Amino acid sequence: MDKADVAIIGAGVIGLAVAVELAERSPGKAIFIFEKHESFGRETSSRNSEIIHAGIYYPTGTLKSSLCVEGKQLLYDFCEQWGVPYRKSGKLIVAGSEEEIASLEGLQKKAAANGVVDLQELGPQQLARLEPNVRACGALYSPSSGIVNAHVLMSRLEQQAMQKGALPAYCHWVHQIEPLAEGYRIYFQNPDGSKDHLDCLHLINCAGLQADRIAASVGIDLDEAGYRQYYCKGEYFSLPSEYTRLVNRHIYPPPLKELTGLGIHLTCSLDGRLRLG
């Protein structure tokens with residue numbers, strides 16, 4: 001086949017989820033998922049904390065905040081329906097000093113504006129009862145935060161996408177895209193190194209770390225559109241096994257304004273191991 005209805009670039013969790021939804025809504029359509037690696041989710045989708053966030057931090061009114069609040073429940077429902085391991089473990093955002101209490105108050109207001117209605121404010125004694133090994137001046141408790149097995153999640157999405165007719169094309173590296181009068185021409189490299197192309201009516205960019213390169217290749221001005229990516233690298237370290245179950249919930253500091261991330265936090269894996277990162 002030298003033409004497709006839809007081409008999706010990137011078989012991470014977003015690309016696979018998009019493929020499932022499109023294949024379900026448009027049965028019989030030719031849907032291809034281009035992925036340069038030999039299997040799904042080999043980059044960002046498998047290199048993260050696997051935390052299911054509640055929607056606390058994001059600027060009010062943004063697409064990110066609304067999708068996070070709506071998406072967390074959809075994700076829990078999907079995990080229940082399709083047997084994806086997860087745990088609604090909850091998260092504590094702790095104040096290590098009295099000065100940080102004000103940060104928690106600001107977070108609580110932002111969360112409420114975002115539609116997160118289950119946050120609980122805890123004093124030191126309430127916190128100690130919940131997590132005896134955590135000492136802080138106060139905390140916000142988010143019971144709807146959790147953790148998911150990202151690999152099994154993507155495996156279920158891939159299985160559904162294929163059952164509904166979408167076709168993953170692994171080891172197919174997209175190196176150029178040419179806009180056509182109707183649709184796009186995708187130039188790619190096959191697993192054996194040979195070059196080929198495919199025309200499609202619709203192109204969906206789910207390329208993760210390469211998403212801005214793909215956008216630029218079809219003539220989008222990255223800076224004008226706000227698509228340029230600025231990379232930062234996180235690292236996680238597992239604690240020795242004797243610290244398993246030291247705490248039962250994820251522990252976060254209040255986010256610092258000068259940081260682009262959420263600060264050093266402690267996460268509990270599904271098997272109880274603790275990771276700092």
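The values are calculated or read from the model by the stated rules, or taken from the named source; none is laboratory data. Everything numeric in this text was worked out from a predicted model, so none of it was measured. Positions of Cβ are generated from backbone atoms using ideal geometry, with glycine treated the same way; all protein chains shown enter the neighbour counts. Ligands, DNA and RNA are stripped out before the accessible areas are found, and what is left, the full protein with its side chains, is counted by its heavy atoms. Shrake-Rupley method; radii C 1.70, N 1.55, O 1.52, S 1.80 Å.
Could you state, as a whole-number percent, how many of the C-alpha pairs of the chain are farther apart than 34 Å?
Numbers: 11126 of 38226 pairs.
Tail of P(r) above 34 Å: 29 percent of Cα pairs.
Kirkwood-based Rg over Rh for the range 192-236 (C-alpha set), two decimals?
Working: Rg = 14.0 Å, Rh = 12.9 Å.
Rounded to two decimals, Rg over Rh is 1.09.
Where the accessible area of the range 174-238 is counted over protein heavy atoms with a 1.4 Å probe, how much of it, in %, is carbon and sulfur? Working shown, then result.
Working: 2090 of 4270 Å².
Carbon plus sulfur share of accessible area: 49 percent.
Solvent-accessible area per residue for the range 1-86 at a 1.4 Å probe radius, Å²?
On the way: 4460 Å² over 86 residues.
Value for the range 1-86: 52 Å² per residue.
Per residue, what accessible area does the range 133-255 have, given a 1.4 Å probe and all protein chains present, in Å²? Don't skip to the end; give the middle numbers.
On the way: 6880 Å² over 123 residues.
Dividing the accessible area of the range 133-255 by its residue count gives 56 Å².
Under unit Cβ charges (Lys, Arg +1; Asp, Glu -1), what dipole magnitude, rounded to 20 debye, does the range 168-270 have relative to its Cα centre? Walk me through the numbers on the way to the answer.
Working: 8 positive and 12 negative charges, 108 e Å.
So the magnitude is around 520 debye.
Among all helices in the chain defined by DSSP H, which have a length of 15 Å or more along the axis from Cα atoms plus a Kyte-Doolittle mean of at least 0.5? Please list the in-between numbers first.
On the way: long enough: 13-25 (18 Å, 1.40); 63-82 (27 Å, -0.12); 101-114 (20 Å, -0.01); 150-163 (20 Å, -0.24).
In the chain, the long hydrophobic H runs are 13-25.
Within the chain, what's the longest stretch lacking chymotrypsin sites (Phe, Trp or Tyr not before Pro) that sit in DSSP loops with no more than 11 other Cβ atoms inside 10 Å? Could the numbers behind the result be given before it?
Working: sites that count: TYR230, TYR231.
Longest site-free region, per DSSP loop and neighbour criteria: 1-229.
For the range 161-271, take the convex hull of the Cα atoms, compute a quarter of its surface area, and give me that in nm², please. Don't skip to the end; give the middle numbers.
Numbers: hull surface 49.1 nm².
That works out to 12.3 nm².
Could you look at the range 1-142 and say what percent of its accessible area is carbon and sulfur, using a 1.4 Å probe and all protein chains?
On the way: 3930 of 7360 Å².
That share works out to 53 percent.
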